[in-house]
Structures are given as structure tokens and as C-alpha cells.
Amino acid sequence: MAALPSLMALYGALDPATSEFDSRAVAHAAGRYLPITARSPGWFGNLMERFGRRTEDAIPDPERALADIVQGEDRLTVPELSRLVYVIGALCHTPRFEEMTLRPESMLGRALALAGPDYEEETGGNLETGDALLRLLYAEFEAARDFDRVVRRAVVQGLLSADVAAVPRCIPSTQWVDGYECVVIDTSFGRSDIYLQNLKDVVDPLNWHRNYPHAFCEMDQQVPDLLPNGWSRVLETVSLDCQHGWPRMVTPLKYYKSDPAGDQAVLQYDLDKSGLPEPGDGWITVDRGFIKMWATGNPGVWVRTRKIVHINGLWPAAQAMFVCPAGYASQAAEMIFGNAANPPADTVPWQQSPASATTTASTGTEPSTGPQKPTTGGSVASTTTQTWIDCLKDLADKNLQLSTKWWKNQLTVDDLVTYTQDVGAEIASAPWRLIQALSQPPDDGTPGGDA
């Protein structure tokens, strides 16, 4: 059985409407670990109706799903392992799985062993490590808010891979956009051993199916490939399982790549509503977001992402579960913990999008919403925004330096004191830097090129 449907089956076991055991206890667990689903029992059935009715061949029983993950040939990626640790930490607090926590080498412990510190070298992981991680999750992972603290402790105790623990947790919220109730995902994370150029080499949407083939089936360049405003066109095909005949969703997207500075890169994407060929199947009616990347060293990167999506026919809770556990919002994490470490030779390289595409015929598409250099002319909003971005970048750099020392077990009390002083100074000085920036003479107001 494929890894992704098996992983989704485990999350489905936290839907009280599908549980064959104490549904009230499962509902209580869902409220603690998947709060966005708390008022939506039946979300898993809603998701399965979109991707085909639940059958034993399609979505296995949770216990068989565990066996498929442990014994199957379809290896989980690092971000998938992170989601596996989370859901097992939740399931071990439900009646169906609670007794497994006391049983040596249970299927829960064997699955957790896959995420151990030796997961790359030892096939199947160390079973004693998996059992110890299961006991830790059972004892200390009492609600969603505890997860980051618990996985850090697991790394220190040698029970969990530092890579798995460093994957940003997908925390969904909802927001109304264009008349649709959408799921919104924001993440921010970094790595000290990845070069910005390597990340740029794999981030183009034409590479997404190479970076995460479990969920992204195809990313096809369209003809024409450019819109008049410089945005590129791609046809995205996604599924719960690309390799075994699951239903797919096909969506036309446009995207824009820019280098605001030598140590920064930005990818923005949105629905392609140009009306050109390949209109998609219409299931996804909102799909927009960005991936912002900074170099924090050489190597060293920091990434911030946002994704906003609405999928017709799915409840908000079901959309959130497709976007998070199923990995639809995890492109950046899959890249930074996957191909960015060693970009494949056949990837589409990074190239800034043009300010305009004069060779493409007019399509009547909406005016450009791509990155444009703001008309400064004394703009308080643009100056304030840039000052705030600079402040956040400085804080992100300091956070990455501190966390790198922590992961290497090199953190000292002096480091913590220095960090506290630096952060305090950064926050205290930001208003004064803003006042100084606003006091500078305005530019001539001539629009510039792409930022």
C-alpha cells in the first residue's frame, strides 16, 4: 500500500464519525490534537467522497495502515515522518491504541522507529528507540501545543531524528477569500546546511512533482508559457496517491519569481484565470501563496511560506486535512528536507521572471499582480513594511543561529544571555529606525523594475 493513503488512514482514525471504538473518547482526542476538526465529525468521509469511497483496498484499516508503513517498500519522506510522529502521538491516547503503548515492539513503536536518529542508515530503525519515543509521547504529548517541546526533548534523548523534529508543523486556520471559506497555512523554518542557490534550483513549480511525487503527480508547462505581465503558466495535477490510480485534481496556476536582493528570492503563485487552454477541472477555486527564501549564511537558509486554498465539495476541516496531513501545503518542506540538499540534474533552474512578456499575445488577463518595486514618493506604508521585514529577517537570523547551536548541543548560558540582549535591542530600536527611514527625502516616484 502507498505511504500517503496509509498515513491519511491514521489521521482518519481521529474522526469520531468513522471510529469503531469509543467515539466520545476519539472526539475528545481530536479536539486536543486536530482542533480544526473538533466541530466537524465526518470530515474523513467527506474527504473520501471526493477521492473515491473508502474501501480496504483504497484506505486501509488503521492497524493495517501501520503495517503497510512499517513493512511496505514506499518509504516516507522526512516531512511525512514528522506527520507520522504527530498522529501516533495522538492515537496512543485513544482507546483503540492506548494498550499498545505498554507492549514492547508494538506496531506503533515500530512505526516510530522509522523516524529515529539512525533512520537513514538502519532499515526499519531501532525498535527500542521507537518504543522509548512512544512512551515519551504518551507521557508528555497531551495536546497540540506540546508537540514542539516534546520532539525537542526526543532529539536530546536520542529518540528522534533532528531533521524530523525540525519540520515545521502545519497549523491550519480559515479565512474568507473571494467569497470562499479557505484554509490558510503559514510556516517559517530554516536549515543551516542548505545553500540558497540549491533551494532556488528546485523551487520552480515545474519541479514540484520531482520534489514530492507522492502528492504532486504532474506539473506541466503550458503553451503559451508566459502571460503579458511576466507570470509563467503551469498545469498542476495533485492527488492523495499519484502512483496507484487515485482521483486527481487538475488546476491551472501562474507564478512569478524574483530576487529582491542578492541574498533573497521570492516565488509567488495564484490561479491562472487567463482563459487560455487547459482550464483545469474546477475543483480548486482558490490557490495562492508564496515561498520566500533568505540566505542566513553560506550555507544557511530561512524560508517563510503561505498557502491559501479552497477545494469545492470539501468542508473546511476536510480541506485542512488534505492540505496538512496529505502534504498539499508541504512543497517547501519537501524541498528543503529533500532535493535541495543535492538538486537532481534534470530540475528546471531558477530564473527571474521578466517584467513583461512582449512576445506573448494579449490574453485579456487581469493587470499584473506580480512583484513590483513600490513608488516610494514618501510612502509611509512601503517604508514601514520594509523596516518590519528587515527586523523580522534579523530576528530570524538570530533564531537560526541559536537553534543550530541547540541541535549540536553547543548552546551555553552565555549564548542565551546574548540572544536575549540582541532580541531586546532589535525590538527596542525598530521604532527609531522607522522614524529615521521616514525622515529621509523621498525618491522621484518613478516606478522601477521587478523587486
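The values are calculated or read from the model by the stated rules, or taken from the named source; none is laboratory data. Predicted, not measured: the structure shown is a model, and the values here were computed from it. All Cβ positions, glycine included, derive from the backbone under ideal geometry; neighbour counts span all protein chains shown.
Report, by residue number, each residue of segment 175-197 that is more than 16 Å from the chain's Cα centre (by Cα) and surrounded by fewer than 20 Cβ atoms within 10 Å (Cβ to Cβ).
Selection gives 175, 176, 177, 178, 179, 180, 181, 192, 193, 195, 197.
Could you list, in sequence order, the residues of segment 201-237 that are under 30 Å from residue 11 (Cα atoms), part of a strand (DSSP E or B) and in contact with a Pro (Cβ under 8 Å, 6 or more places away or on another chain)?
219, 235, 236
What residue, among those in segment 1-36 that are in contact (Cβ under 8 Å) with a residue 40 or more places away in the chain and polar (S, T, N, Q), is surrounded by the most Cβ atoms within 10 Å (Cβ to Cβ)?
For segment 1-36, the residue satisfying everything is 6.
Each row is one residue, and each column tells you yes or no for (1) within 17 Å of residue 82 (Cβ to Cβ); (2) touching a helix residue (DSSP H, G or I) at 6+ places or on another chain (Cβ under 8 Å); (3) in contact (Cβ under 8 Å) with a residue 24 or more places away in the chain.
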| site | (1), (2), (3) |
| --- | --- |
| 116 | yes, yes, yes |
| 155 | yes, yes, yes |
| 166 | yes, yes, yes |
| 180 | no, no, yes |
| 183 | no, yes, yes |
| 187 | yes, yes, yes |
| 190 | yes, yes, yes |
| 200 | no, no, yes |
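Hey, any hits in segment 313-326 for a residue that's part of a strand (DSSP E or B) and either under 28 Å from residue 228 (Cα atoms) or modelled with pLDDT under 95 (or both)?
no
Being of a type in the set (A, V, I, L, M), buried (at least 24 other Cβ atoms within 10 Å of the Cβ) and not in a loop (DSSP other than H, G, I, E, B) is the filter here, so list the residues in segment 328-348 that pass it.
Across segment 328-348, the qualifying residues are 332, 333, 335, 336, 340.
Do you know which residues across segment 125-155 are of a type outside the set (D, E, K, R) and either outside the structural domain of residue 29 (by the TED database) or surrounded by fewer than 14 Cβ atoms within 10 Å (Cβ to Cβ) (or both)?
Step one: of segment 125-155, the residues of a type outside the set (D, E, K, R) are 125-127, 129-130, 132-134, 136-139, 141, 143-144, 147, 150-151, 154-155.
The answer is 139, 143.
Among the residues of segment 238-293, write down those that are closer than 27 Å to residue 80 by Cβ and in a loop (DSSP other than H, G, I, E, B).
Result: 240, 241, 242, 243, 244, 245, 246, 247, 280, 281, 283.
Can you confirm whether residue 118 is surrounded by fewer than 16 Cβ atoms within 10 Å (Cβ to Cβ), of a type outside the set (Gly, Ala, Ser) and under 19 Å from the mean Cα position of the chain (by Cα)?
Spelling it out, it is not the case that residue 118 is surrounded by fewer than 16 Cβ atoms within 10 Å (Cβ to Cβ), of a type outside the set (Gly, Ala, Ser) and under 19 Å from the mean Cα position of the chain (by Cα).
For residue 127, indicate whether it is at pLDDT 95 or above and hydrophobic (A, V, I, L, M, F, W, C).
Working: at pLDDT 95 or above: no; hydrophobic (A, V, I, L, M, F, W, C): yes.
No; evaluated as a whole, the condition is false for this residue.
Among the residues of segment 292-327, write down those that are among the small types (Gly, Ala, Ser) and either buried (at least 23 other Cβ atoms within 10 Å of the Cβ) or out of contact with any Lys or Arg (no Cβ under 7 Å at 6 or more places or on another chain) (or both).
First, pick out the residues of segment 292-327 that are among the small types (Gly, Ala, Ser): 295, 297, 300, 313, 317-318, 320, 326-327.
Within segment 292-327, 295, 297, 300, 317, 318, 320, 326, 327 qualify.
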